[in-house]
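Asker: Sharing a structure below in structure tokens format, with a few things to ask.
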Amino acid sequence: MSPTGRPEKRRAIEQAARKVFGREGYTRASVDAIAAEAQVSKRTIYNHFADKEQLFLSVALDGAHEVTDAILRLMELHLRKIVDLEEDLVAFCRDRVAAVAEFPDHFALVRTLEAEVTRIPPTVLEKWLAAGPQSAHERLAPYLRKIADNGLLEFDDAEQAALHLNLLTVTAVLQRTFYGSMPIPQAEADELIVSGVRAFLRLYAAARS
């Protein structure tokens, strides 16, 4: 269905939907509740979205793209030019974890996706995974490959190395904090990140001549 009506109405609906889905989950969230949150009629919602599934997919993908853009900016900032490999990797991972706080409604939605994975329509889940977490290491891989080309890292598979860096650092913190909903002291997060980066470098740092 092609969206009709004013763009600001569509944005209001998406913002409301993100909050309601994050608060109530996919299954329990109703179009009535979203309409009330957005202060619009159900008819207005259906002027923009065919059904609840399409609305959920729209807000999930929009959030994933916003987070992806933020992470790309951090990779450019920290990994485009390496001064000290360990320090730069730690700074990147620390800022990437901190970025979760900038998107609280999106990561509430992420928790919904994980909690209700068996009840999310398969097409929605597949598209969200491709836009978000499943492809995160693919976007990081070219930066690690360039660092390897400069003689600082050694690996056969850049995407596997990127996946390991994510798992050892960012994922370790986000799982501990449930995507920011249960914050831990910064010192504890830093300890996880630093130890993860050092483990990564033990695996992949280039041998010194």
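The values are calculated or read from the model by the stated rules, or taken from the named source; none is laboratory data. Note that this is a predicted model, so its numbers are computed, not measured. Cβ: placed from backbone, ideal geometry, glycine included. Neighbour counts: every protein chain shown. Side chains are part of the model used for accessible areas, which takes the heavy atoms of the whole protein and leaves out ligands, DNA and RNA. Shrake-Rupley method; radii C 1.70, N 1.55, O 1.52, S 1.80 Å.
Asker: Top to bottom by accessible area (1.4 Å), largest first, where do D88, D156 land? Kindly include the intermediate steps, with their values, before the conclusion.
Answerer: Working: D88 30, D156 170 Å².
Largest accessible area first, the residues go D156, D88.
Asker: May I ask you to compute the full-extension gain from Y46 to R80, defined as 0.36 nm times their residue separation minus their alpha-carbon distance, rounded to one decimal in nm? It would help to have the intermediate numbers written out before the result.
Answerer: On the way: separation 34, 0.36 × 34 = 12.24 nm, distance 4.44 nm.
That works out to 7.8 nm of additional length.
Asker: Would you kindly calculate the mean projected area, averaged across all directions, of the convex hull enclosing the Cα atoms of the chain, in square nanometres?
Answerer: On the way: hull surface 51.5 nm².
So the mean shadow area of the Cα hull is 12.9 nm².
Asker: Could you compute how much accessible surface V67 exposes when probed at 1.4 Å, giving the result in Å² to the nearest 10?
Answerer: 20 Å²
Asker: Let me ask another. Under a Cβ-Cβ cut-off of 14 Å, what is the net charge of the residues other than A205 that fall near it, where Lys and Arg count +1 and Asp and Glu count -1?
Answerer: Details: positive: R198, R202, R208; negative: D84, E86, E87, D88, E154.
Here the count lands on -2.
Asker: Averaged per residue, what accessible surface does region 9-102 expose to a 1.4 Å probe, in Å²? Show your work: numbers first, answer last.
Answerer: Details: 4670 Å² over 94 residues.
Per residue, region 9-102 has 50 Å² of solvent-accessible surface.
Asker: Relative contact order of region 71-209: what whole-number percent is it, with Cα pairs under 8 angstrom and at least 6 residues apart? Each step should come with its number before you reach the end.
Answerer: Values: 113 pairs, mean separation 40.8, N = 139.
Value for region 71-209: 29 percent.
Asker: If we count every other residue with Cβ under 13 angstrom of D95's Cβ, Lys/Arg +1 and Asp/Glu -1, where does the sum land? Spell out each step's value before the answer.
Answerer: On the way: positive: R73, R94, R96; negative: E76, E87, D88, E102, D190.
Residues near D95 contribute -2 overall.
Asker: Mind checking region 142-209 for trypsin sites (Lys or Arg not before Pro) that DSSP puts in a loop (not H, G, I, E or B) and that have at most 12 other Cβ atoms within 10 Å?
Answerer: On the way: sites: R145, K146, R176, R198, R202, R208; in loops: R208.
Filter output for region 142-209: R208.
Asker: If the chain between R202 and D62 were fully stretched, how many nm would it gain, using 0.36 nm times the residue separation less the Cα-Cα distance? Walk me through the numbers before you get to the answer.
Answerer: Values: separation 140, 0.36 × 140 = 50.40 nm, distance 3.67 nm.
So the chain would gain 46.7 nm between R202 and D62.
Asker: Might you report the magnitude of the Cβ-based charge dipole of the chain about its Cα centre, with Lys and Arg at +1 and Asp and Glu at -1, to the nearest 20 debye? Before the final figure, lay out the partial values.
Answerer: Values: 26 positive and 30 negative charges, 135 e Å.
The calculation lands at about 640 debye.
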